[in-house]
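The values are calculated or read from the model by the stated rules, or taken from the named source; none is laboratory data. Computed from a predicted structure; not experimentally measured. Positions of Cβ are generated from backbone atoms using ideal geometry, with glycine treated the same way; all protein chains shown enter the neighbour counts.
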Amino acid sequence: MRWPGGARLAVWIAPNLEFYEYLPQRYPFRDQFARTRHPDVMQWGWRDYGNRVALWRMAQALADYPVAVTASVNLCVFEHYPEVAQLVRERGWEVMSHGLYNTHYLGLMDETQERAFHATSIQVVREHTGQQLAGLLGPCVTNGPRTLDLLTEAGLSYHADWVHDDVPVPMKTAHGLLWSVPYHYEINDAPLLEGPHDADALVQAACDQFDRLWHEADEQGEGLVYCWPLHPYLIGQPHTVGVMRRVLDHICGRGQVWHAQARDIVEAARQSHAGHPGFEAWLAGERL
């Protein structure tokens, strides 16, 4: 894998702009999203604060750094909060689908319903941002049995649910290649800030992950990927936005880093693979 300018790491920042329904459907297999009887005021209010208040604090901080942002969006956010769509347009953030609602799961859709879901997602992104949707992080990281095939059928090029490598990985589907893009759940702010509050542990983990990947990229002689997933309702709080700045100070203070959006990382990976004998043999179906 080779990144532009010989960079060791491709870095993308992934804010999750979520919408939690006031009256969510109950899913027995995901009881953590049905903690209370309807209405679930706390979960709804938390995300509402993120979209109306914390996102703006977070965006102001991000603007102070040379980072590239790919926002993972529950796309109904653009309908409920038009100002968020305006922010995305003005800041030039890429939009990655995170489903329509964070409370509607792909695993319960049949093929016809999921095909319509992807078509609606593409339409909503185009209408509100003018972008052509390229990638998906499944809503609540859920998938159906044909999600990969349906993504490529709809024209998307990458999927962020698979946490199986430190580089983009090509995956064969019924309609062509889909790229799995690294998305680091382990340094996501949700596990460390949503439960027992430990801001210092988040800073340590995020910086340690960056440092280890940066050094391994040099040792291996190939480019790796660093993704930092965030949530405005968590990292954009008055007492936590400084945590984000501490990590970004560390990331942006190091050289040989390519700050890129997810679609750019995928395109660079595609170009890096093109013409490689092993890759071409794999594409042709030959055993390596």
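Checking each residue in the stretch 172-191 for being closer than 16 Å to V266 by Cβ, surrounded by fewer than 16 Cβ atoms within 10 Å (Cβ to Cβ) and of a type in the set (A, V, I, L, M) picks out only L177.
When restricted to residues that are of a type in the set (A, V, I, L, M), assigned to a helix (DSSP H, G or I) and more than 22 Å from G176 (Cα to Cα), the stretch 108-140 contains 3.
Residues of the stretch 230-266 that are within 17 Å of the chain's Cα centre (by Cα), under 25 Å from M1 (Cβ atoms) and either assigned to a loop (DSSP other than H, G, I, E, B) or free of Cβ contacts under 8 Å to residues at least 60 places away in the same chain (or both): A260, Q261.
Give the residues of the stretch 2-45 that are at pLDDT below 90 and in contact with a helix residue (DSSP H, G or I) (Cβ under 6 Å, 6 or more places away or on another chain), sorted by residue number.
Residues of the stretch 2-45 at pLDDT below 90: 20-44.
Y20, Y22, listed by residue number.
Based on this model, can you work out whether P145 counts as at pLDDT 95 or above, of a type outside the set (A, V, I, L, M, F, W, C) and over 22 Å from R91 (Cβ atoms)? Against the criterion (at pLDDT 95 or above, of a type outside the set (A, V, I, L, M, F, W, C) and over 22 Å from R91 (Cβ atoms)), P145 does not qualify. For G221, the conditions (1) surrounded by fewer than 20 Cβ atoms within 10 Å (Cβ to Cβ); (2) touching a helix residue (DSSP H, G or I) at 6+ places or on another chain (Cβ under 8 Å); (3) of a type in the set (G, A, S) all hold with the exception of (2). When the stretch 126-142 is limited to residues that are at pLDDT below 95 and among the β-branched types (V, I, T), the one that is nearest to the chain's Cα centre (by Cα) turns out to be V141.
Could you tell me which residue of the stretch 238-279 is nearest to E219 (Cα to Cα), considering only residues that are among the polar types (S, T, N, Q) and buried (at least 16 other Cβ atoms within 10 Å of the Cβ)? Step by step, filter the stretch 238-279, then rank; the result is S272. Within the stretch 129-150, the residues that satisfy the criterion of being over 25 Å from E186 (Cα atoms) and either touching a residue at least 24 places away in the same chain (Cβ under 8 Å) or touching a strand residue (DSSP E or B) at 6+ places or on another chain (Cβ under 8 Å) (or both) are T129, G130, Q131, L133, R146, D149, L150. Looking across the stretch 213-229 at every residue that is touching a residue at least 12 places away in the same chain (Cβ under 8 Å) and outside any helix (DSSP H, G or I), the one that is farthest from D166 (Cα to Cα) is identified as P229. Scanning the stretch 158-200 for residues that are closer than 14 Å to G138 by Cα and in contact with a helix residue (DSSP H, G or I) (Cβ under 8 Å, 6 or more places away or on another chain) yields Y158, H159, A160, D161, V163, V181, Y185.
A quick yes/no check of all residues on (1) outside any helix (DSSP H, G or I); (2) under 24 Å from Q256 (Cα atoms); (3) touching a strand residue (DSSP E or B) at 6+ places or on another chain (Cβ under 7 Å):
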position	(1), (2), (3)
G50	no, no, no
Q60	no, no, no
V77	no, no, yes
V88	no, no, yes
V95	yes, no, yes
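Here is a yes/no grid of residues against (1) modelled with pLDDT under 95; (2) surrounded by fewer than 23 Cβ atoms within 10 Å (Cβ to Cβ); (3) over 13 Å from C140 (Cβ atoms); (4) among the aliphatic types (A, V, I, L, M):
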| site | (1), (2), (3), (4) |
| --- | --- |
| N74 | no, no, no, no |
| E90 | no, yes, yes, no |
| H98 | no, no, no, no |
| L108 | yes, yes, no, yes |
| R115 | no, yes, yes, no |
| V124 | no, yes, yes, yes |
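Checked against the criterion of being closer than 19 Å to A68 by Cβ and in contact with a Gly (Cβ under 7 Å, 6 or more places away or on another chain), the stretch 211-224 contains one or more residues that satisfy it.
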